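Working notes, beginning with the structure itself.
The values are calculated or read from the model by the stated rules, or taken from the named source; none is laboratory data. What you see is a predicted model, and the numbers here were worked out from it, not measured in a lab. Here the Cβ positions follow ideal geometry from the backbone for every residue, glycine too, while neighbour counts run over all protein chains shown. These accessible areas exclude ligands, DNA and RNA; they are computed on the full protein's heavy atoms, side chains included. Shrake-Rupley method; radii C 1.70, N 1.55, O 1.52, S 1.80 Å.
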Amino acid sequence: MADAWADGWRGPSLVQVAGGVASIVETAPPGGVDGTLDAAILPGFTDSHVHLGLIDADALVPGGIARVLDLGGDPTALSARAARSAGENASGDPALEVEYAGAFLTATGGYPSTRSWADPAAVRELASVEDAIAAVGEMHGFGAHVIKLALHDDEAVLDGDISRAVVASAHELGLPVVAHVEGRGSAARAADAGVDLLAHTPWSERLPDALVDAMATRMRWVSTLDIHGWGERTDDFEVARDNLARFHRAGGEVLYGTDLGNGPLPTGINERELLALVDAGLGADALVGSLARPRSGTRPGARPGGLISIIPTPRPRELGGLAAWLATAQAVPATEIQEMTS
Ligand SMILES: [Zn+2]
């Protein structure tokens with residue numbers, strides 16, 4: 001392999017495919033080398049914020065995405081979709097790997113229960129701490145990998161006690177909590193409640209440095225910069241870009257995510273999202289890591305997907321070129337490497 005990524009670029013590498021899983025090996029396996037391939041290989045690219053119920057999910061793998069984290073949808077449909085993918089992966093016919101939150105947990109009458117796009121099956125309105133505990137247990141029963149909490153300060157708002165009960169019961173079950181924050185003050189409330197991830201870079205206000213620094217030590221943010229203007233530099237985009245730049249500088253971990261299903265976004269790798277991450281100051285390693293990182297923080301023991309990313313052209317050194325190059329990745333079964341080698 002001409003180049004390989006595993007938490008950093010390894011350069012020319014020996015890749016072994018066994019049991020449908022590709023791994024980089026330091027020394028040649030017994031039996032020698034089958035062939036060479038002039039391409040870069042990376043872990044399957046992940047979009048950490050999608051809504052499968054609102055898109056053509058079958059277009060994701062052809063668009064270069066190997067894994068998704070669905071952050072809000074009908075839990076029955078999602079668990080069925082994920083089981084289908086897991087079955088295909090187990091039978092050696094690699095498919096899109098699906099992790100999911102299940103329903104949005106929100107206040108009574110809260111976001112997104114009022115939205116036309118929100119399937120009623122995709123929302124649980126919480127009126128009490130007891131409701132919170134029950135809803136988290138229900139999503140866990142559906143096989144959820146994370147719990148999605150909606151904190152929208154411009155609409156009906158959850159009590160702090162209820163938010164904290166969601167986080168406590170999710171953590172008891174080993175599930176991280178990802179929050180939708182929108183409106184002034186909502187990011188601080190998410191931090192107070194102890195959530196683990198933000199589903200979006202906050203865009204409603206410029207966050208104070210102290211809050212950004214505190215979040216960077218214990219939270220991960222899903223980027224979703226491109227939903228603000230789809231390439232136009234809107235005010236919301238600039239606020240989000242500035243928040244993300246400071247979060248990244250403070251050491252915060254950024255996950256590539258697009259909120260696919262929300263607006264005119266390409267079904268696949270979104271080059272504009274990657275270019276926006278470059279604009280927010282992510283360097284080459286953080287940029288690749290945002291896409292190619294194994295999904296730590298989701299349910300432990302999840303089987304790695306059988307799809308890997310492969311790019312058949314040489315890696316550019318310049319950052320803008322790197323973003324464009326990453327967007328050309330193909331998601332392929334690891335076994336296909338063997339067929340492609342010469
Ligand atoms: Zn979303």
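What the table below lists for this structure:
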read-out	value
Residues of the range 153-170 satisfying the condition of being within 19 Å of SER204 (Cβ to Cβ) and surrounded by fewer than 22 Cβ atoms within 10 Å (Cβ to Cβ)	ASP153, ASP154, GLU155, ALA156, VAL157, GLY160
From the options SER296, SER290, SER309, residue that is away from the ligand (no atom under 16 Å from the Cβ) and either at pLDDT below 90 or open to solvent by 10 Å² or more (accessible area, probe 1.4 Å) (or both)	SER296
Lone unmet requirement of (1) at positive phi; (2) modelled with pLDDT of 90 or more; (3) open to solvent by 10 Å² or more (accessible area, probe 1.4 Å) for GLY92	(2)
Of all residues in the range 33-50 being within 16 Å of the ligand (Cβ to nearest atom) and of a type outside the set (Val, Ile, Thr), the one that is farthest from PRO176 (Cα to Cα)	ASP47
Meets criteria (surrounded by 12 or more Cβ atoms within 10 Å (Cβ to Cβ) and free of Cβ contacts under 8 Å to residues at least 40 places away in the same chain) for ARG10	yes
All positions within the range 266-287 that are part of a loop (DSSP other than H, G, I, E, B), under 21 Å from ARG317 (Cβ atoms) and either within 16 Å of the ligand (Cβ to nearest atom) or open to solvent by 10 Å² or more (accessible area, probe 1.4 Å) (or both)	ILE269, GLY281, GLY283
Pair list, Cβ < 6 Å and 6+ apart or interchain, from the range 317-342 residues that are farther than 14 Å from ALA40 by Cα to residues that are surrounded by fewer than 14 Cβ atoms within 10 Å (Cβ to Cβ) and at pLDDT below 95	SER342/GLY35
All positions within the range 244-265 that are under 23 Å from ALA101 (Cβ atoms) and within 16 Å of the ligand (Cβ to nearest atom)	LEU255, TYR256, GLY257, THR258, ASP259, LEU260, GLY261, ASN262, GLY263, LEU265
Number of positions in the range 62-71 that are within 16 Å of the ligand (Cβ to nearest atom) and open to solvent by 10 Å² or more (accessible area, probe 1.4 Å)	1
Pairs, first at positive phi in the range 188-206, second away from the ligand (no atom under 14 Å from the Cβ), C-beta under 6 Å, six or more apart	GLY194/VAL167
Residues that are more than 16 Å from the ligand (Cβ to nearest atom) and in contact with an Asp or Glu (Cβ under 7 Å, 6 or more places away or on another chain), drawn from the range 190-206	ARG206
